[in-house]
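Working notes, beginning with the structure itself.
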Amino acid sequence: MVTAGPTREYVDPVRYISNESSGRMGFEIARAAARRGWQVTLIAGPVALETPAGVRRIDVVSALDMLVATRKAFRAADVLYMSAAVADWRPKRKLSGKWRRKDDGSEQTQLELVKNPDILATVARHKGARMVVAFALETGDGVRRAQAKLRRKNADWIVLNDASALNAPVSSVTILGRDGSMQRRKSSSKAATAAALVGLWDRERGGP
């Protein structure tokens, strides 16, 4: 199973907190896995992408929606690619009508946020023999932080990239393994990177 794209955390019926994730990486992973004959479930946040052939797609909006869908799909999965860019925070409450704080003449306002659940940590905690591939977007040298996240989230692999990957057809990534391995892929198409990530399954099972 694969998660992809951003989440939207609504402030009111027309405004939301989100990010620049296009979902391309996750969709390419789903496509590469389907081409290998895998049964693929793709859980997608709000994106403008066509569903890859042979892939079962579940559309979600918020982080809470994605958590419910991911927990359910993971029960029957052998592999999880957690490539979605899930919002860390959401408004404490969603207003039923349009937010009109500016109408009282205020020059400043505050929006109270609460932390979203950590989907990856939640499902990977009891993963057993299943393979989990995490993603980390960092600015600067993020290898140390990515390695810490790999251990903290109980993942087998983590894919480190930076902000240049957002909404782009190519990206430079570093694939870090729980075994201490490190593979750098510079300016690779997301399709090529996806194929390499799907190939991690063979490595986990003792293949070439």
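Some notes on this structure:
- For the range 57-68, the criterion of a residue being touching a residue at least 60 places away in the same chain (Cβ under 8 Å) and surrounded by 10 or more Cβ atoms within 10 Å (Cβ to Cβ) is satisfied by at least one position.
Rundown of residues vs (1) in contact with a Phe, Trp or Tyr (Cβ under 6 Å, 6 or more places away or on another chain); (2) surrounded by 15 or more Cβ atoms within 10 Å (Cβ to Cβ); (3) within 20 Å of PRO6 (Cα to Cα), yes/no style:
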site: VAL86; (1), (2), (3): no, yes, yes
site: ARG90; (1), (2), (3): no, yes, yes
site: GLN108; (1), (2), (3): no, no, no
site: ASP118; (1), (2), (3): no, yes, yes
site: THR122; (1), (2), (3): no, no, yes
site: MET131; (1), (2), (3): no, yes, no
site: LEU137; (1), (2), (3): no, yes, yes
site: ARG144; (1), (2), (3): no, no, no
site: ASN154; (1), (2), (3): no, yes, no
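- The set of residues in the range 124-141 being in contact (Cβ under 8 Å) with a residue 40 or more places away in the chain and touching a strand residue (DSSP E or B) at 6+ places or on another chain (Cβ under 7 Å) consists of ALA124, ARG130, MET131, VAL132, VAL133, ALA134, PHE135, LEU137.
- Among residues of the range 9-40, those that are of a type outside the set (Gly, Ala, Ser) and either under 19 Å from ASP162 (Cβ atoms) or buried (at least 20 other Cβ atoms within 10 Å of the Cβ) (or both), counted: 10
- Tally, over the range 179-195, of residues that are within 24 Å of TRP38 (Cβ to Cβ) and either touching a strand residue (DSSP E or B) at 6+ places or on another chain (Cβ under 7 Å) or surrounded by fewer than 16 Cβ atoms within 10 Å (Cβ to Cβ) (or both): 9
- The range 117-202 holds strands (runs of 3 or more DSSP E) entirely within its bounds, and those carrying 3 or more residues that are over 23 Å from MET66 (Cα atoms) map to 170-177, 182-189.
- When GLY23 is tested against (1) on the phi > 0 side of the Ramachandran plot; (2) over 20 Å from the mean Cα position of the chain (by Cα), only condition (2) is not met.
Bear in mind these aren't lab numbers, they're just calculated from the coordinates by the rules spelled out. Just so you know, these numbers come straight off a predicted model, no measurement behind them. Quick reminder, even Gly has a Cβ in these numbers, built from the backbone with ideal geometry, and neighbours come from all protein chains shown.
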